[in-house]
Amino acid sequence: MSARFPDPHHVNGFYLGQFFGLLGWAASGGGADHPLSAFDPQRRSDVMYLAELLLPWQDTLSEAQDAALARTWAYALSEFDDRDLGWFLLGHLPSLPEDPRAFLRQLAALLYPQGLPDISAQTRRLDQPNDFLFDLA
């Protein structure tokens, strides 16, 4: 696949799932030897641990990829309903958080200490499963 430049007003919920997919939970089959095997999304210490696991992956993102992820994350917290938020996390964590919005807010505060970007009035959601965060240049 060729790299492409992101539209600065486009968000794709699948970017969240793709980012969480880097943890390898689904690929591992949820085995007991996976670092997330005892993960509980309700425990603050586990959310902090998850942030520690995701930070190296976040550091590998290009500026465009990180901007697209942050923009999607901010939009998701603002506009997605809880069902949508849970759906994009489904299969990427051992269990879904009871309150996916609070969970993602808490995790965002750890991964984006400077805060998530503001959502512009031109932002539009276009969830396309074949639109890959990692193809953005």
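So the values come out like this:
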item: Charged-residue dipole, Cβ positions (Lys, Arg, Asp, Glu), the chain about Cα centre, Debye nearest 20; result: 100 debye
item: J(HN,Hα) series, segment 108-116, from Karplus relation 6.51 cos²θ - 1.76 cosθ + 1.60, nearest Hz, glycine and proline x; result: 4, 4, 7, 7, 10, x, 7, x, 7
item: Contact order normalised by residue count of the chain, Cα under 8 Å, 6+ apart, percent; result: 49 percent
item: Segment 33-137: trypsin sites (Lys or Arg not before Pro) in DSSP coil with no more than 13 other Cβ atoms inside 10 Å; result: R43
item: Exposure proxy order (Cβ contacts within 10 Å, fewest to most) of T123, T72, T60; result: T60, T123, T72
item: Alpha-carbon spread of the chain, three principal axes, descending order, Å; result: 41, 31, 26
item: Amide H contacts of H10 (H built 1.01 Å from N, under 5 Å, at least 5 apart or other chain); result: R124
item: Gyration tensor (alpha-carbon) shape descriptor, segment 41-117, a/c threshold 1.5; result: oblate
item: Segment 25-54 versus segment 66-114: alpha-carbon centroid distance in Å; result: 15 Å
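Here, each number is a calculation from the coordinates, and none is a lab measurement. Please read these numbers as outputs of a predicted model, since none were measured by experiment. Quick reminder, even Gly has a Cβ in these numbers, built from the backbone with ideal geometry, and neighbours come from all protein chains shown.
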